[in-house]
Amino acid sequence: MTAISQRNAPADIVQRLQSAGLSALMSRLLAARGVSDVAQTSVQLAALLPPQQLTNNQTMAKLLADAIKAKKKLLVIGDYDADGATATAVAVKGLRLFGANVDFLVPNRFEYGYGLTPEIVKLAATSAPDIIITVDNGIASVDGVATANEMGMQVLITDHHLPAAQTPDAACIVNPNQRGCTFPSKHLAGVGVMFYCLLGLRAELREQGAFQTQAEPNLTELLDLVALGTVADLVKLDENNRILVEQGLRRIRAGACSHGISAILKVAGKEPANVMAQDLGFYVGPRLNAAGRLDDMTLGIQCLLAESEKDAAILAQQLHDLNKQRRSIEADMQESANISLDDISIADQYSISIYEPDWHQGVIGILASRIKERHHRPVIAFADGGSGLLKGSGRSIAGLHLRDALDLLSKHQPDLLLKFGGHAMAAGLTIKSEDFDLFKVSFEAVVRSLLTEADLEAVLEVDGSLSPDEMTYTIAQALENQVWGQGFPPPLFFDDFEVVNQRILAEKHLKLTLKARSSHSSALIDAIYFNQSEFLDDQIQAAYQLQTNSYNGAQKIQLNIRYVKV
């Protein structure tokens, strides 16, 4: 059962925002999402937090400036997800704008696993870099950094993940989540951290007089990549991140983005001029991630770095094909998971740990996410990792910080988790195959100690009612032009409707004609309910999003039904 909860929009803040010139509806929506001053709605680059506020960023800038001057060989080592790929592309493109000699290496997840491991350091050494720069990883790479130091390679870490008890002995670490960092935004993605390092580098070189005879690099050229990685990594879209995303979207819409992003949007059937933040997460991110999940993220990074439309198109098509393959694999895994879960009394459990020997290691994270959405429990899905190991990927619910839960488990069972790391809502781990049953019982015990029964009830937060007068194309367009995402969710309204007409589309969607029951208006409203193949009752209570729907030149609105209360 899902409980409906209306977001609270404090009346005094709503009034303050309205007085500053925002519409009544937008004031209500923003107030309910923690915006208390109109200044927080600024999306101008001048409103970004200054790069010098990020701990160690000025030290990092000096080290990079010295390395570029000395023509040292730099090697960027990234992660194999969309954030890691965009962070790698930003690092390579950005550093080359400053004249750096830089290349990249990304671990193949099936051969090397995550992060700067000793094995990946030894592979990196074959290209003889003077300096290794990590992006979206490194904060937990104690052994890898030690190996690099022993081999005479300096390591500069840029990351955003939470640190463990011990941090690596790197020459410099820039991470807003490292201990002692007072940077106001703790939600920069890995690509955002690297972008801030480049801002710091430019400031350092400017101070050194490097641009007296040459133009300063225009780092806004990288913002489309920053926007993509930020949205795809599901970091909270706080005030600072919303600026980065909005500025990146503006470049994409203006046709001033990288050939790679443009090509991926094209194979996904999306028009760059109309792209929204959600499109980056729904259409571009999965195709980029497919490379890291099924093959090698080198392919994705090459697409983002492509210097011609032709090269980008070829690589984007390969990513598109991989994504279709990923979806097929995911569907098969979902089917087998459903069969396994049918034998379990999920209502009696606080967590779900699940494993099948033929599951694909690159897709278990998506599977865990799907199961979590369906059952509203923390989920860890495992796949065979070879050599007697299981690789797990977890997704959590509000109320359970997954990495902290695994940390607590490691204290209770010191030999159970061979490796783990992650965030509040997602984590990865490695255990011995023989320990799966022990993990299942132990993780359940930890989750039970941290959650209550009430936490296991799904809650759908809505923004109240939307009057028929507000269901206009202009308002729908204004809502779509606003940056929404993780931690700053798109508006979801809740109303009573009469179902005037309904029919099945493509055997799996429901096309509806609705009439608002709370209004004296007789106006009919088009609606779509995706992945719903059963007819609804004549009277419904529904949560929905207001969307534009342009077809054959006609500009209409459409309600996207997200939930119908039973």
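The values are calculated or read from the model by the stated rules, or taken from the named source; none is laboratory data. If you're wondering where the values come from, they're calculated on a predicted model, not measured in any experiment. For neighbour counting, all protein chains shown are included, and Cβ atoms are generated from backbone atoms with ideal geometry for every residue, glycine included. Ligands, DNA and RNA are excluded from the accessible area calculation, which covers all protein heavy atoms including side chains. Shrake-Rupley method; radii C 1.70, N 1.55, O 1.52, S 1.80 Å.
Just one of the numbered conditions (1) open to solvent by 60 Å² or more (accessible area, probe 1.4 Å); (2) closer than 20 Å to Val363 by Cα; (3) outside any strand (DSSP E or B) is not true of Arg377: (1).
Quick check on segment 391-399. Is at least one of its residues out of contact with any helix residue (DSSP H, G or I) (no Cβ under 6 Å at 6 or more places or on another chain) and part of a strand (DSSP E or B)?
In the first step, residues of segment 391-399 are kept if they are out of contact with any helix residue (DSSP H, G or I) (no Cβ under 6 Å at 6 or more places or on another chain); the result is 391-392, 397-398.
Keeping just the survivors that are part of a strand (DSSP E or B) gives 391-392.
Yes, there is a match, as at least one residue in segment 391-399 is out of contact with any helix residue (DSSP H, G or I) (no Cβ under 6 Å at 6 or more places or on another chain) and part of a strand (DSSP E or B).
Just to verify a result, which residue in segment 422-470, among those that are in a helix (DSSP H, G or I) and among the hydroxyl-bearing types (Ser, Thr, Tyr), is most open to solvent (accessible area, probe 1.4 Å)? Per the criteria, the residue is Ser449. With respect to (1) among the acidic types (Asp, Glu); (2) closer than 30 Å to Leu205 by Cα; (3) open to solvent by 10 Å² or more (accessible area, probe 1.4 Å), the lone exception for Asp83 is condition (3). Residues considered: Gly260, Gly255. Of these, the only one that is without any contact (Cβ under 8 Å) to a residue 40 or more places away in the chain and either closer than 21 Å to Tyr80 by Cα or touching a Pro at 6+ places or on another chain (Cβ under 9 Å) (or both) is Gly255.
Among the helices (runs of 4 or more DSSP H) confined to segment 1-116, the ones with at least 1 residues that are within 21 Å of Ala171 (Cβ to Cβ) and of a type in the set (A, V, I, L, M, F, W, C) are located at 57-69, 82-97. If you go through segment 185-208 one residue at a time, do you hit one that is touching a Cys at 6+ places or on another chain (Cβ under 8 Å) and either buried (at least 24 other Cβ atoms within 10 Å of the Cβ) or of a type outside the set (Val, Ile, Thr) (or both)? Looking through segment 185-208, none of the residues is touching a Cys at 6+ places or on another chain (Cβ under 8 Å) and either buried (at least 24 other Cβ atoms within 10 Å of the Cβ) or of a type outside the set (Val, Ile, Thr) (or both).
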